[in-house]
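Worksheet: one structure, shown below.
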Ligand code: NDP
């Protein structure tokens with residue numbers, strides 16, 4: 001007879017924690033889960049889901065403008081931020097309730113409150129101590145804010161979804177996922193957007209061509225991108241606006257109505273009591289785990305953003321499933337995190353899977369790079385000057401496709417399919433033998449024939465591209 005109140009106690013009701021709890025319960029374990037705010041976590045409440053709804057909303061601006069080229073006369077349109085936020089809130093409430101219902105339906109005990117780990121087999125919540133065979137830390141992350149004077153005037157992705165009004169002038173600080181996504185959203189909805197990034201090109205870590213292409217498209221749309229620049233201070237002015245002082249432009253300042261910081265996220269470990277009981281934390285603040293999600297204490301585990309590895313919902317879900325099966329299934333399962341696709345819902349969006357050109361060159365002695373830049377058929381009539389970029393990275397020796405990258409409409413939808421092929425080890429010949437689906441942008445991925453071969457020592461800057469119009 002198991003001596004504990006529960007076999008698994010999960011702290012954090014986000015994607016990873018909820019999935020682990022449900023799978024563990026389905027495998028026969030007695031499971032409880034604690035959430036301090038709302039079930040659904042970052043992804044559902046203030047991340048992927050509301051963000052994607054806002055991306056859809058923002059895209060209508062271009063759809064209305066493009067319609068004219070297709071014979072439509074669009075009357076003057078108006079946008080209501082409060083109406084969008086109310087609709088978004090309703091959907092988020094529906095989804096959050098569904099998460100909780102699914103837990104209850106899976107026989108998981110759901111608790112509200114801030115839980116703390118007392119020892120290897122005890123948690124405390126709302127003043128009550130509960131014993132458990134295993135503890136899962138799935139508390140996610142929280143926005144990181146650099147400490148500069150006036151930072152209290154900035155908002156983060158936590159607050160931006162609930163602003164009472166759309167700010168007219170916005171400064172976005174950072175050049176990562178959230179920064180470029182919100183630059184597109186707020187610009188599309190009508191704000192004047194300036195993005196300030198400390199590096200030379202947004203989306204560090206992505207393929208260099210993807211970075212350059214997206215940045216150029218963002219600028220074409222009217223987003224101001226300040227590079228090699230950082231904010232030194234923020235000051236609230238009497239009229240309620242904000243004055244932004246920059247680190248390297250003397251006395252010049254920028255007046256805006258809101259400053260959105262998107263400067264990364266840090267693991268949510270504060271107040272959990274992990275230090276007190278000796279759970280190892282890595283240098284970036286993430287809970288240190290092995291391939292099975294176990295910390296240095298045998299009964300304590302962690303999944304998702306709190307481990308500060310790949311902060312993506314599907315990864316947290318995978319880790320949650322693997323952990324539950326490891327603890328309560330027949331055999332331990334390590335999460336396979338090779339070829340994790342990801343998307344940036346910028347405008348235009350980015351989709352990517354596998355190695356970038358730079359990564360491939362560091363791993364292979366020679367690679368073949370196939371690149372295509374073209375105008376989508378839609379823009380032959382819309383008149384919009386927007387280009388799509390597609391890129392395949394192939395190992396010259398094995399002909400295996402190592403990476404696929406795209407900036408352009410539907411990139412996330414297209415890359416998900418390619419991720420299957422790349423995960424299965426498809427070769428360039430497999431791509432070539434696949435019949436094209438015409439007319440589509442996606443067909444370009446199976447019709448790219450012009451390659452540039454590069455040896456490891458090659459100068460990346462000598463790279464040239466094929467350019468064409470897809471009309
Ligand atoms: P990212 O790590 O993607 O980007 C952080 C950005 O902030 C980088 O450009 C970084 O610059 C910059 N930065 C960091 N510290 C400072 C500082 N002190 N001063 C100025 N700039 C700074 O973080 P995000 O906040 O955008 O997103 C967090 C994570 O959430 C992502 O990494 C991703 O895993 C996940 N996410 C995924 C999404 C998706 O799948 N579509 C959407 C949104 C988030 P530098 O490049 O120089 O380090």
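Coordinate-derived values only; no laboratory data. All values derive from a computational prediction rather than experimental measurement. Using ideal geometry, Cβ is built from the backbone for each residue, glycine included, and neighbour counts are taken over all protein chains shown.
Per-structure values
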| quantity | calculated |
| --- | --- |
| Taking only Cα atoms of the chain, radius of gyration then Dmax in Å | 24.0, 73 |
| Rel. contact order, % - alpha carbon contacts under 8 angstrom, at least six apart, the chain | 15 percent |
| Rg ratio (alpha-carbon, reference 2.2 N^0.38 Å) - region 129-230 | 1.34 |
| Pair residue 90, residue 282: separation of 7 Å Cα→Cβ label points (nm) | 4.3 nm |
| Rounded to 10°, Cα long-axis angle of helix 313-328 versus longest principal axis of the chain | 30 degrees |
| Cut-off 13 Å, label 7 Å out along Cα→Cβ of residue 119, residues of region 269-289 by amide N | 277 |
| Two-site FRET efficiency, residue 299 against residue 424, from Cβ-Cβ distance with R₀ of 25 Å, rounded to 0.05 | 0.10 |
| Mean Cβ count within 10 Å, highest first, over the residues of peptides 189-201, 274-286 | 189-201, 274-286 |
| Helix-only mean residue ellipticity at 222 nm for the chain, each DSSP H run of n ≥ 4 adding -39500 (n - 2.57), per residue, nearest 500 | -9500 deg cm²/dmol |
| In nm, spacing of pseudo-spin labels at residue 410 and residue 248 (7 Å Cα→C-beta vector) | 4.1 nm |
| With Cα atoms, 0 to 90° folded angle of helix 411-423 axis to the chain main axis | 70 degrees |
| Mean Cβ count within 10 Å, highest first, over the residues of peptides 220-232, 313-325 | 313-325, 220-232 |
| In nm, spacing of pseudo-spin labels at residue 385 and residue 77 (7 Å Cα→C-beta vector) | 2.2 nm |
| Residues of region 129-164 with amide N under 12 Å of the 7 Å Cα→Cβ point at residue 233 | 148-151 |
| Cα centroid separation - region 1-29 against region 103-166, whole Å | 17 Å |
| Additional length obtainable on full extension of the chain from residue 336 to residue 129, 0.36 nm per residue less Cα span | 71.0 nm |
| For region 43-75 and region 297-312, distance of Cα centres in Å | 35 Å |
| Bridge type composition, the chain - antiparallel percent by DSSP, nearest 5 | 60 percent |
| Packing rank of 116-128, 77-89, 289-301, where each peptide gets the mean count of other beta carbons within 10 Å, highest leading | 289-301, 116-128, 77-89 |
| Inter-part distance where region 355-413 and region 248-280 are each reduced to a Cα centre, Å | 33 Å |
| Acute angle (nearest 10 degrees) that the helix 177-188 long axis makes with the longest principal axis of the chain, alpha-carbon atoms | 60 degrees |
